[in-house]
Amino acid sequence: MELLKLLNTNEIVAQIIAFLVLLYLMKRFAWKPILKTLDDRRSRIVSEFKNIEDAKAEANKLRSDYSGRLAGIEEEAREKIRIAIENGKLQAEKIREEAREEGSRILAKAQDNIKSEIAKAEEALKEKMVEITIDIAGKVVQERLTVEDDKKIVETFLKEIENR
């Protein structure tokens with residue numbers, strides 16, 4: 001109450017008039033630019049939020065694309081590894097088969113060489129027997145021995161053959 005006594009009616013009326021004039025001037029000159037500035041700011045904020053949401057959506061899209069590509073790359077890598085393993089197995093089988101064939105060729109060649117050497121040995125043995133037979137026949141003809149002597153010579157010949 002005392003506060004009301006301290007205030008003067010003229011001052012209150014002057015202040016009310018000054019306030020209304022100020023309010024009129026503000027409305028007339030400053031209100032529209034302030035509202036326009038606030039609207040512009042609101043539009044910018046909405047635009048920024050929209051840009052942020054668009055960027056998030058783009059990031060999520062890129063993440064899903066990269067995840068899909070990564071899965072595709074991993075699958076492709078697995079497939080290439082599987083193909084490489086299959087090719088390795090085929091190469092190993094081919095090498096084994098070539099080794100078997102080479103072994104068979106070597107074995108056949110060795111068998112042919114053995115047969116050839118056996119034939120040569122048999123031929124040499126025949127030649128040696130012919131030589132020995134000729135030698136004995138020559139000795140028999142030269143000596144003209146008895147039947148008993150001929151038997152001894154043949155027995156000696158057979159012993160010589162066995163010893164050789």
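Observations on the model:
- For residue 89, the lysines whose Cα falls under 24 Å of its own Cα, not counting residues fewer than eight places away in the same chain, are 80.
- Multiplying the residue separation of residue 28 and residue 119 by 0.36 nm and removing their Cα-Cα distance gives an extension gain of 19.3 nm.
- Counting all C-alpha pairs of the chain, share separated by more than 19 Å (%): 84
- Distance (nanometres) between label positions extended 7 Å along Cα→Cβ at residue 112 and residue 50: 9.1
- Residue-averaged 222 nm ellipticity for the chain, from DSSP H runs of 4+ at -39500 (n - 2.57), nearest 500: -34000 deg cm²/dmol
- Qualifying lysines (Cα of each under 27 Å from Cα of residue 128; at least 8 residues distant if same chain): 115, 120, 139, 151, 152, 159
- Stretching the chain fully between residue 100 and residue 63 yields a gain of 7.9 nm (0.36 nm per residue, less the alpha carbon separation).
- Maximal additional length on extending the residue 82-residue 153 stretch stands at 17.4 nm, based on 0.36 nm per residue less the C-alpha distance.
Each reported figure results from applying straightforward, stated rules to the coordinates on display, with no laboratory input. In this text, all values refer to a predicted model and were calculated from it rather than measured experimentally. A quick note on method: Cβ atoms are made from the backbone with ideal geometry, for glycine too, and the neighbour counts reach across all protein chains shown.
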